[in-house]
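S.K.: Below: one structure in structure tokens.
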Amino acid sequence: MNGSVNNHRKVGGFRFSELFAGVGGFGLGLTPLGGECAFSCDINPHSRMTYFANYRQVPSGNIRLVDPKAVPKHDILTAGFPCQPFSWAGKRQGREDSKGRGLLFGEIVRIAAALRPPVLFLENVAHILDIEDGEVVRDIRKRLRSVGYGMLVEPLDSSDYGVPQSRNRAYFVCFRRDLGIREFEFPAPTNKPVKVADILEPESSETRKLEVMENFRWVKNPKAEDPNRPIRLAVWNNGGQGRRVHSIEGVSPTLCAFGGRGVPSFLIGKTVRRPTVLECKRLMGFSDSFDLFGSTRIQALQLLGNAVIPSMVTLVGERILATPRKAGWKPGEEP
């Protein structure tokens, strides 16, 4: 499917692309603002099948094989580029890991240089801002500038914006420099906390209970300094990711892309359990009806853990669309 292109008739608004599309979180966030997907790409077969199941578009595969000449023009190029080389959960090898995934950022630069869309809208783990004392993000800024883009970046935690999950991510907004846009205002926190208890469904056979509690080490007087943060109650076994127990009266910790190992546990009544796939959809801001296309539980959790939160895309996207109008250019028009 590497040669397939999504080239759909534009009926109004603006057009966007999704590189490293995953299950289409950027698209879900931009479509309510009037956006249409011109092109999508992801190498993961489960992601591509899920993308087709929900949007009836088949993403291209390997981004290294994408010919920019075959990509339709669009206004906003989006990419939740691979975070493994940059994440706390990875090996912290900086710009390039053993599989060369850090080099994939160069594919974004290659495609942007060829197509020159007015805006790049990117997302990665917030820790990318601190790696090598900021050298990684300085390198990203330099590479984008070399192909004609300015860069503004801000870490935003989804739990500050009405999402029941603490997911701190760096959002990059990059306007083409010839547009003359030098300032951008990221959305302010909404401070409308939503707790895990608000999104729970009745227990189902899917839920894996962790009722053996003799190995749990309970926190004395647990509390959250901030109502928009997780409340840790206990740890068990080695206390690593997925081995921590949290209160449903706070928000969830970050859902990671490790499948079962990256899903937190919660004390619900007298039972400690992990959330169902449906509950994880809700923690990410996806609808209950979103089709994960026959994925196993582990595959579904990996797809969700790799996704970008659509409501966060919408909030930042609103600001992106408003900003060019101040410069005399309206997205959807040739700048």
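The values are calculated or read from the model by the stated rules, or taken from the named source; none is laboratory data. Please read these numbers as outputs of a predicted model, since none were measured by experiment. Neighbour counts are summed over all protein chains in view; Cβ atoms, including those assigned to glycine, are modelled from backbone coordinates with ideal geometry. Quick note on the areas: whole protein, heavy atoms, side chains included, nothing else; ligands and nucleic acids left out. Shrake-Rupley method; radii C 1.70, N 1.55, O 1.52, S 1.80 Å.
S.K.: Looking at Phe186, Phe172, which one is in contact with a Lys or Arg (Cβ under 7 Å, 6 or more places away or on another chain), modelled with pLDDT of 95 or more and under 27 Å from Leu304 (Cβ atoms)?
M.R.: Going through Phe186, Phe172 in turn, the sole match is Phe186.
S.K.: Just one of (1) at pLDDT 80 or above; (2) assigned to a loop (DSSP other than H, G, I, E, B) trips up His246, so point out which.
M.R.: (2)
S.K.: So which residues in segment 192-219 are surrounded by fewer than 13 Cβ atoms within 10 Å (Cβ to Cβ), modelled with pLDDT of 85 or more and of a type in the set (Asp, Glu)?
M.R.: Asp198
S.K.: Still on this structure, please answer the following. Contact list please: Cβ distance under 6 Å, first residue in segment 62-73 and in a helix (DSSP H, G or I), second residue open to solvent by 40 Å² or more (accessible area, probe 1.4 Å), pairs at least six apart or on different chains.
M.R.: Pairs found: Leu65/Asn2; Pro68/Ala114; Pro68/Leu115; Ala70/Val5.
S.K.: Among what's in segment 263-282 and is touching a residue at least 60 places away in the same chain (Cβ under 8 Å) and in a helix (DSSP H, G or I), pick the residue that is most open to solvent (accessible area, probe 1.4 Å).
M.R.: Arg282
S.K.: Sticking with this one: Among the residues of segment 283-312, write down those that are under 22 Å from Leu33 (Cβ atoms), open to solvent by 40 Å² or more (accessible area, probe 1.4 Å) and touching a residue at least 40 places away in the same chain (Cβ under 8 Å).
M.R.: Gly285, Ser311, listed by residue number.
S.K.: Residues in segment 115-169 that are in contact with a His (Cβ under 8 Å, 6 or more places away or on another chain) and open to solvent by less than 10 Å² (accessible area, probe 1.4 Å): how many?
M.R.: 1
S.K.: How about segment 220-242: which of its residues are basic (Lys, Arg) and at pLDDT 80 or above?
M.R.: Lys220, Arg229, Arg232
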